[in-house]
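Below is one structure; the comments refer to it alone.
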Amino acid sequence: MRIVQIIPNLASGGAERFVVDLCNELSKEYEVHLITFFDADNSEFLRNSLTNKTHTHTLGKKIGFDMKIIFKLFRIIKIIKPDLIHSHLSSLNYLLFVIPFFRNVSFIHTVHNDAFKEAGYKWIKKTRSLFYNKKLILPVTISSESDRSFREAYKKTVPTLILNGRVYPDKTILFEKAERFINSIKLTSDTKIFVTIGRLETQKNQLMLVNSFNRLLTKYQDSKLIIIGGERNSETSKRIKKQLKEKAGNNIILLGELENATDYLHLAEYFCLSSLHEGMPITLIESFACKCIPICTPVGGMKEMIENIDSNLLSNSTSEDDYLKALDYAITLNENNRESLKNELAKSFENNYSMKICSERYIELYYNSISVRKRKSLLPV
């Protein structure tokens, strides 16, 4: 089976990390090609994470809508001759123009975010809906919440639900450096370390998190919050970074974007996610694997993931007051309860969110899709 994965770029986001992991897993047995539209400024780390078994292609997309990408996609698909194309994020918006020319290729699209938000413009949503309804594209959702939003957006189409997966995040060669840093900021051996990982943007809601944490510090001064995440080239991102620095104080540390962010999940006691909306965050799956206790807002796939572990770690809303209650609950857990929770997290990762399980489900879907496509090609026109 010859498989093509398509994603706009390999910037350091959850969907991008997922696609790299999936390519690495699939390429153990199949011929895998990864097409990106352009190289992001910070794409080198994820690109270097790909094994040499994955064939990579970059199309050199320009800023804005680039008509040439449609022709480049057409040409490269003709050259590769794939059995199946699996698209992610907004890459489908360009793929829509070439799908009708490849009737013998199966097309799958994973919806990583809210279906309404991912589609964007109304005409794109209408075109996607047409392709879904005619079964030219098989949609995949990644959580019960994204499944619900998809069914609401595209009422005539039933998606396939496959939970996101992640390769176990081993400690990197920079782990000892991270460990030395953690030890240097601890006031005592009992200092509680919280970490959050995510781009500095409105969606991630870090300002609310910092406000909640500052209020937590009035009761628990021996606590530190580490914020890992780079700013995007936008005024909003720069403004958020400036505001975070103003509110930080001595107990909140901004480290920027790091290649070894998962090392801090191995070292921290708690992982914070304060997002306003999400699909199924790869960083949350990583926290499960690293036994780092998560404290989350009740959005997207985070809700079902946390409710299956301990619903008290889930705030009632995305408000500062409600998130503070969840922080307060987490920090007051006794040692036995914390250890029990950590074991539950590791068990849940192995049983539900490992890349091995995830890739097996995708492979089954790939074969079923190809089989259906071949049967349809034998039918009289």
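The values are calculated or read from the model by the stated rules, or taken from the named source; none is laboratory data. None of these values were measured; they are calculated from a predicted model. Virtual Cβ from ideal backbone geometry, glycine too; neighbours counted across all protein chains shown.
One table, with the values for the structure above:
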read-out	value
Breaking point among (1) touching an Asp or Glu at 6+ places or on another chain (Cβ under 7 Å); (2) surrounded by 13 or more Cβ atoms within 10 Å (Cβ to Cβ); (3) under 21 Å from Ala248 (Cα atoms), for Arg199	(1)
Flag for Tyr270 being over 22 Å from Lys347 (Cα atoms) and touching a Cys at 6+ places or on another chain (Cβ under 9 Å)	no
Tally, over the stretch 231-272, of residues that are in contact with a Ser or Thr (Cβ under 7 Å, 6 or more places away or on another chain) and within 27 Å of Lys291 (Cβ to Cβ)	7
Filter result for the condition that a residue is of a type in the set (Val, Ile, Thr) and under 27 Å from the mean Cα position of the chain (by Cα), over Ile193, Ile185	Ile193
Of all residues making up the stretch 274-289, the number that are surrounded by fewer than 24 Cβ atoms within 10 Å (Cβ to Cβ) and under 25 Å from Asn336 (Cα atoms)	1
Condition check for Leu89: at negative phi and modelled with pLDDT of 90 or more	no
The stretch 127-142, residues that are surrounded by fewer than 20 Cβ atoms within 10 Å (Cβ to Cβ), touching a Ser or Thr at 6+ places or on another chain (Cβ under 8 Å) and either outside the structural domain of Glu152 (by TED's automatic domain parsing) or not in a helix (DSSP H, G or I) (or both)	none
Residue match in the stretch 312-320 (condition: in a helix (DSSP H, G or I), out of contact with any Cys (no Cβ under 9 Å at 6 or more places or on another chain), within 18 Å of Lys204 (Cα to Cα) and not small (Gly, Ala, Ser))	yes
Selected residue (only one of Phe101, Phe116 is surrounded by fewer than 21 Cβ atoms within 10 Å (Cβ to Cβ), of a type outside the set (D, E, K, R), closer than 20 Å to Ile162 by Cα and assigned by TED's automatic domain parsing to the domain that holds Ser369)	Phe116
Any chance Ser369 is of a type outside the set (A, V, I, L, M), in contact with a Ser or Thr (Cβ under 9 Å, 6 or more places away or on another chain) and not assigned by TED's automatic domain parsing to the domain that holds Leu209	yes
Close pairs from the stretch 151-168: first assigned by TED's automatic domain parsing to the domain that holds His109 and β-branched (Val, Ile, Thr), partner at pLDDT 90 or above and in a loop (DSSP other than H, G, I, E, B), Cβ under 8 Å, at least 6 apart	Ile162/Ile142
Qualifying residue in the stretch 209-227 (condition: in contact with a Gly (Cβ under 8 Å, 6 or more places away or on another chain) and among the small types (Gly, Ala, Ser))	no
Matching residues in the stretch 19-40 - criterion: being without any contact (Cβ under 8 Å) to a residue 40 or more places away in the chain, over 22 Å from Arg75 (Cβ atoms) and not hydroxyl-bearing (Ser, Thr, Tyr)	Val20, Lys28, Glu29, Ala40
Criterion (at pLDDT 95 or above and surrounded by 18 or more Cβ atoms within 10 Å (Cβ to Cβ)) met by exactly one of Leu327, Leu258	Leu327
Per-region count, the stretch 88-102, residues in contact with a helix residue (DSSP H, G or I) (Cβ under 7 Å, 6 or more places away or on another chain) and part of a loop (DSSP other than H, G, I, E, B)	5
Every residue from the stretch 13-38 that is of a type in the set (S, T, N, Q) and either outside the structural domain of Met67 (by TED's automatic domain parsing) or surrounded by fewer than 23 Cβ atoms within 10 Å (Cβ to Cβ) (or both)	Asn24, Ser27
Sole residue being farther than 25 Å from Glu350 by Cβ, in contact (Cβ under 8 Å) with a residue 60 or more places away in the chain and not in a strand (DSSP E or B), chosen from Ile76, Ile124, Ile85, Ile182	Ile182
Test: residue in the stretch 272-282 that is of a type in the set (Gly, Ala, Ser), over 27 Å from Glu257 (Cβ atoms), part of a loop (DSSP other than H, G, I, E, B) and not assigned by TED's automatic domain parsing to the domain that holds Ser144	no
Residue tally, condition assigned to a helix (DSSP H, G or I), at pLDDT 90 or above and not basic (Lys, Arg), over the stretch 206-239	10
